[in-house]
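The next block holds one structure in the form of structure tokens; read it before the comments.
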Amino acid sequence: MPPGEFTPLAAGLAIGLGAIGPGIGIGLVGSKAMEAMGRNPEASGTVFLPMIIGMAFAEAVAIYALVIAILIFGKI
Amino acid sequence: MEIHVPIQPAPLFDFVVPGTNLVVYVTNTMVTSWIVMLLLIGFGIAATRGMKLAPSGLQNAAETIIELLLGLAEQVAGSRARSFLPLVATLFLYIWFSNWFGILPGVGSFQGLVHGEEASVLRSPNSDLSLTAAMALIVFAWVQIAGLRANPVEFFVKFLKNPLELVSEFSRPVSLALRLFGNILAGGILVEVMLQIAPIAVPAVFLGLEMFVGLVQALIFAILTLAFLSLATEHGHSESHAETEHAAH
């Protein structure tokens with residue numbers, strides 16, 4: 001299919017829809033980590049690193065969507 | 001609205017390797033990463049020249065950084081952190097420094113004419129997929145070799161037990177490389193877009209955000225490397241399982 005007038009929409013949808021899941025995921029990780037830190041402030045040091053790693057894994061999915069969006073956008 | 005952040009880095013000059021017809025392109029990201037490397041190596045040499053037992057000046061600063069990183073690494077890898085630190089700390093310092101170097105004024109905004117086309121003379125090193133992919137491949141090879149040396153049997157058995165391990169093993173360098181590249185490139189595009197929407201004061205907020213993202217991404221790259229390394233060199237599950245069972249009895 002040749003790039004048409006809907007191609008920018010495709011790029012927008014790719015990153016827009018692709019960001020929903022990671023957004024929810026990072027929100028869940030962050031909320032649970034904050035809860036843990038609030039209940040047990042001494043553990044904030046040990047909670048922080050796994051939280052960052054968990055967020056990074058969730059974020060990677062959004063980055064894949066971004067790469068796809070940029071690839072689609074580059075074709076215009 | 002036109003955005004001036006091309007996905008591919010621009011070659012500044014190229015030369016042919018003598019005797020072959022291989023063309024080597026020297027891109028603006030390469031030049032920037034050489035500058036970053038020179039600064040880091042210069043700092044390393046200056047900090048370790050004439051080391052004293054009671055540190056002062058640069059040596060003190062360097063020791064503070066290393067101790068901080070060692071403390072972080074020991075949280076993830078425990079007693080093996082010391083042997084992983086050289087690779088992990090180098091990656092962290094290099095990525096962190098090049099991300100922050102990439103948002104300095106002048107990097108990305110100085111334009112030069114290359115073969116009749118405008119191109120940035122300097123560009124944030126990690127907005128080049130080649131660099132992040134190279135680092136991710138180094139990590140990948142290092143993890144495999146470390147795993148093979150630590151427990152050769154487990155290294156092969158885990159693929160037989162669960163063939164999907166292969167997928168997870170090979171998706172690691174891909175996601176490592178794309179995460180860093182995507183974050184830094186998207187940050188550059190974001191600042192550029194904000195510059196076009198509101199040219200005064202507003203981009204400064206996003207530059208601050210970029211500094212945070214640059215630090216966090218360096219931390220994530222380093223910690224994931226560390227986590228992969230410590231997973232690969234862990235002693236066999238059956239062994240540790242038996243140990244805990246033994247302790248329970």
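Computed from the coordinates by the stated procedures, all read-outs in this text should not be read as laboratory data. A quick note: this is a predicted structure, and the numbers were derived from the prediction, not measured. Please note: Cβ atoms are built from the backbone with ideal geometry, for glycine as well, and neighbour counts cover all protein chains shown.
A few notes on this one:
- The protection proxy used here, the mean number of other Cβ atoms lying within 10 Å of each residue, ranks peptides B:48-57, B:195-204, B:34-43 as follows, highest first: B:34-43, B:195-204, B:48-57.
- Max mean-square fluctuation residue, GNM over chain A, Cα-Cα springs under 10 Å, options A:Pro50, A:Pro22, A:Pro41: A:Pro41
- Inter-label distance, nm, simple model (7 Å from Cα along the C-beta direction), A:Ile52/A:Ser31: 2.4
- Springs between Cα atoms under 10 Å define the GNM used for chain B, and in it the highest mean-square fluctuation of B:Glu63, B:Glu117, B:Glu192 occurs at B:Glu117.
- Partner aspartates and glutamates for B:Lys52 [C-alpha distance under 15 Å; skip if fewer than 8 residues away on the same chain]: B:Glu63
- Gyration tensor (alpha-carbon) shape descriptor, the stretch B:4-92, a/c threshold 1.5: prolate
- Label-point separation, B:Leu70 to B:Leu209 (7 Å along Cα→Cβ), nm: 3.8
- Mean partner shielding of peptide B:226-234, defined as the number of other chain Cβ atoms within 10 Å of each residue Cβ, is 1.
- Shape of chain B, Cα gyration tensor, a/c cut at 1.5: prolate
- Taking B:Leu22, B:Leu178, B:Leu209 in turn, the Gaussian network model of chain B (Cα-Cα springs below 10 Å) assigns the largest fluctuation to B:Leu22.
- Across peptide B:35-48, the mean count of Cβ atoms from other chains lying within 10 Å of each residue's own Cβ comes to 0.
- Arranged from fewest to most other beta-carbon atoms within 10 Å of their beta carbon, B:Phe97, B:Phe13 become B:Phe13, B:Phe97.
- Under 14 Å from the B:Ala134 label point (7 Å along Cα→beta-carbon), backbone N, the stretch B:27-49: B:27-38
- As a proxy for reagent exposure, B:Asp128, B:Asp14 were ordered by neighbouring Cβ count within 10 angstrom, fewest first; the result is B:Asp14, B:Asp128.
- Footprinting exposure proxy for A:Thr7, B:Thr233, B:Thr225, B:Thr20 (fewest neighbouring C-beta atoms within 10 Å first): B:Thr20, A:Thr7, B:Thr233, B:Thr225
- For residues of A:45-56, the mean tally of beta carbons on other chains within 10 Å: 4
- Helical content alone sets the calculated 222 nm signal of chain A at -28500 deg cm²/dmol, taking -39,500 (n - 2.57) per DSSP H segment of four or more residues and averaging over every residue.
- Cα gyration tensor shape of the stretch B:50-99, rounded if a/c is under 1.5, else prolate or oblate by comparing a/b with b/c: oblate
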